[in-house]
1. Would you confirm, using the coordinates I've provided, whether Thr979 is at negative phi, surrounded by fewer than 16 Cβ atoms within 10 Å (Cβ to Cβ), at pLDDT 85 or above and not assigned by the TED database to the domain that holds Met254?
2. Give the residue, chosen from Glu949, Glu921, that is surrounded by fewer than 24 Cβ atoms within 10 Å (Cβ to Cβ), under 19 Å from Ala274 (Cβ atoms) and touching a residue at least 12 places away in the same chain (Cβ under 8 Å).
3. Condition first: polar (S, T, N, Q) and open to solvent by 70 Å² or more (accessible area, probe 1.4 Å). Now tell me which residues in segment 656-666 satisfy that.
4. For segment 770-803, which positions are outside any loop (DSSP other than H, G, I, E, B) and either among the aliphatic types (A, V, I, L, M) or modelled with pLDDT under 50 (or both)?
5. Looking at Leu918, Leu908, Leu861, Leu901 in this structure, which one is of a type in the set (A, V, I, L, M, F, W, C) and either within 27 Å of the chain's Cα centre (by Cα) or closer than 18 Å to Gly264 by Cα (or both)?
6. Closer than 28 Å to Gln916 by Cβ, surrounded by fewer than 23 Cβ atoms within 10 Å (Cβ to Cβ) and either touching a residue at least 24 places away in the same chain (Cβ under 8 Å) or in contact with a Leu (Cβ under 8 Å, 6 or more places away or on another chain) (or both): is that true of Arg869 in this structure?
7. Between Leu833, Leu811, which is under 21 Å from Leu883 (Cα atoms), part of a helix (DSSP H, G or I) and either open to solvent by 10 Å² or more (accessible area, probe 1.4 Å) or among the charged types (D, E, K, R) (or both)?
Amino acid sequence: MSLVDLTSKCFQNGVSAKKWVGLCRLLKKQMTSSDYEFESNLCNSILVLFPPNPGDLSLQAYIEAALQEGLLTLRVFTAVFLQAAKSPNLQEASTLDNLCRLILNHHYTTGLSPNASFTRGSDSVNDTMSVAHDSLSLIRIANQMPPSPYHSLTTSAGQLALLLIDCIGDLSQVSNQQIVVCYALVLDVIQLSRLDGDVRAALENFTLSLNLLISEDVKMAHEVQVMQTMQVSLGRTDATGSSAPSDLASCSFMLRYLVEYRTGLYGSGNTAGAASMLIGNYRWSQWPAQVYCTQLLQAAVSCLAQGISHQYTSRIWTSFIITRVRGAFVIFRRRLTFSSNMQLPPLLGLLEKLSTATSDSAQDSDWRKALPAALLALKNRTELLSVLESTESRPGGEDMEIEGQKGNAQSTQPFFRNLVKAFVEYGSLDAEAALRIEPETSKTPPSLKVEAAENGQELNTYIESKLSAETSFDDALAFLERTMEDVTNHTLISVAIKNRFDSLCSGKQDAASVEGLSILCKLLNAHTVALDILSLQVRITDVVAAALHFVDNFECEVVGDPQTAVGHLGAVILFLQSTMVRYQLASFQFTYAKGALRADYLLSTSTVFRRLEFNNEETAAYLGWLKALFDSSSEGIEDGILRATKPKTLLKLTATLIQTVLQLHFSQKITLDALNNGISYFTGDLLNWTLVGVIKWLLQEIAQKEWVFLLSVCSLKLTFPFHNSAPSTLYYDIIQNLVAAPSCPKPVLCLTGHGIMALLADRKTSQVHTPNFKPAVLREIVVKAIGESPEETPDSVSSPLSLAPQTTSYLEQPRQAIRDAFSAARAGKAPSLDVSRGVLVLGPAKYLRVLWTELLAGLQLGSDMDLCRRIATHALTCPPINLGYSHIPPLLPIFLHGGMLHGLLKALDHQLPAEQTLNVELLVSIITSSLNAVLQMEWALALRNVEAEMKHPMGQTSVTLARRLNADLKRSTCTSAATILQRLASTASFVANFPIMAM
């Protein structure tokens, strides 16, 4: 007897499900078939009975009993059922819906994951994809059937499809043919009218994943089919990317972003972010490999040439190009995994590795030819290289001064030769090809490796010995400066510094570790150029997090002499304060070893607290330090109070201590001698690292008291007393004594220098007459520390941080910056546009209105549509940035859904036909280009192991943005909305990437 006969007779005779299962188990023992074959036959024996008995509950009970008793697995039943559902005989709403819900209920009852319910270890990805494909077919079948008031087959089939899609593992293992077939089916399914919204959204994301794996020729065939279906001509311009054969603008914008915001999530120092920016830009450009390499390299060198007059800028760009851009010609396709903390290797070197890993020999050959062609093209740009070569041996300006030393801005070798040499050293360019490009090229190792070899040491050991406490500070600083003069050393020394931070901060705390870390921090505080080059190579936030971890866990008890240890730790705290201010990391969330770290206390040291705000430990420390510093009977600072007070607590208390003692002095409770004696402790190495908060508080107090004094002089009716409202000259004397002290650390002067300069520029300060206060001396000390000089004013091109010349009104600077970008691009230069600073000045909405106005003005002044699109794409898709405490949001969601687009549509409706046509074309090109740019970056980020906050630069996926845009345009009552929607649907490659726009 067969299973079909057994099941049929049991059903006809009303045999219970439990007895039927027992009979089936007995029959199974007599059969020699495999488990899978038996389960398949068992399923078919039940399913064949449904057509004459649609939705029969007894047959459903048989299936449920078989599943519960383990006679049948959910995996097999689902696969067999989905295959059988394709038969017209089984296509009845009640039957299909009930069986779908039976599968869903059994899955959720077991509490297992989708993989555990619907797959087993031996299943291939192709098998799983095949079952998922069948489930999508069921959704299409459900949509073709008449709707039923009692059964929602579309909903249950959609939920089942989502579970099965979740079971698909690595899509790269699925055959190309199967991906193409599934891709076409999903495109059909998401256009169904009765599809649930959550299912549609999930399928759109699945479409994106499939789309990224389909080769370009297959995509083109699909695009043609879509266009034929919609009967739209393919002769119109497709504006989803940068199609021009020559364009420095797009590459320049990206490279400047990588350098300016190198400490951000997508900056040069972050491996995954920087690589994803490059990959996304390459895929968006739609250029062949040789064209992209040439444009990228020439854009980078143009940025350097335009900033060559400013020595500091040129040094940073030279390091970036030689050590980073030499690797920016990676083939940006398939799978290349980067860890977020990994040091970004020269991306060009990855070109060869990734090309070899791919099976596309033609593309491999293209990329291997691309670099030599790009270098030859650069060599022919004599007007660029002549600017660089003319400054090779010129000594650095004042901004290059490092603790009394001056170094060369670049290596003494010509720039182009250094660049070719860097490619050869990494193995990205063979020696024979290099000699053809630059005959004088020689493959010599970096000077740092030569030094280490001459001393018979490993490279890491040699660098560590030179930066350790065993070497005098002056010798270590001289070594660091000498190393930085050879740009080929930059990657080596940066990685060594990063590793030394990690080893010192993660190991056991002792006197050696705190001293070693102190030396390292002092070196970077003294040599800020080295710090900036370090930030180009590694994640500076990781370095800061390691030092924060060290400070948080610092204990005087285990480091020997507490006075020496606290002084050493002070250098670390000053490094943290200056680095966080330099790179505007105030709002960055630091983590170390998966633990969150607080850094806010470092930047709020000028805050004065009331006694009630202190906890018991802080109150005891406050009283102890007040007595130790300012009590005439005190014997000074003893080891006991240092051991009992955490450095973080002392940093918090310092400004409050100074405020308290000044109040006591003005109340004649302590003498001037006692006050000055206590202040003198802050000029020594033990406490001078706390001076940032003290000086800032004094400056704030002077400004506040002068304002109150002016109000009182004007006889305004105020409710508070004015006694002692004028700032005391004692404040000025204290600032003079602290700043002019020989041991005042340079970071303190840098962090407070601008406030001191503002004080000295105040006319009322010149009226302060006291024997100790000398404004000229203060000005000279501060200017030397912060490196400002009236003669040193870089222009707006050489200093990318400048929005516009200073003659421009503050609120007009963002507008002027956009105009400057147009002008530079039209002149064939590498333009600069700092979007984040513009948004910081105007706010997102106003900045977008200014941007649109300038884009229209640019068209009227003769700029082509491509240039306007590139500038707009850069502005809208620029990843978000944290500038200090300010968060700059991504602009594309605001532009599309924040009311900006709706306002533009209303304005378009009132324009003349000719003007409206041009502006609609511009708007459509911006939308398609921007969404495609975001899509390509998401694709690049999907290949890398990145933090969750990095996966969606716009805060939401490009598919979500497109879906909402489609809905907004359809809801809009503006006539131009329908025109834009039709134009978007007629853009072939845009519809291929965002099928929702074709609906």
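1. No; evaluated as a whole, the condition is false for this residue.
2. Glu949
3. Gln663, the sole residue that qualifies.
4. Ala776, Val777, Leu778, Ile781, Val782, Val783, Ala785, Ile786 - these are the residues of segment 770-803 that are outside any loop (DSSP other than H, G, I, E, B) and either among the aliphatic types (A, V, I, L, M) or modelled with pLDDT under 50 (or both).
5. Every option except Leu901 fails the conditions.
6. no
7. Only one candidate qualifies: Leu811.
Yes/no matrix, rows are residues, columns are (1) modelled with pLDDT under 85; (2) closer than 27 Å to Gly567 by Cβ:
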residue: Pro446; (1), (2): yes, no
residue: Gln457; (1), (2): no, no
residue: Leu467; (1), (2): no, yes
residue: Thr471; (1), (2): no, yes
residue: Leu480; (1), (2): no, yes
residue: Thr488; (1), (2): yes, no
residue: Ala496; (1), (2): no, yes
residue: Ser506; (1), (2): no, yes
residue: Gly516; (1), (2): no, yes
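The values are calculated or read from the model by the stated rules, or taken from the named source; none is laboratory data. Just so you know, these numbers come straight off a predicted model, no measurement behind them. Neighbour counts are summed over all protein chains in view; Cβ atoms, including those assigned to glycine, are modelled from backbone coordinates with ideal geometry. Calculation scope for accessible area: heavy atoms of the full protein, side chains included, ligands and nucleic acids excluded. Shrake-Rupley method; radii C 1.70, N 1.55, O 1.52, S 1.80 Å.
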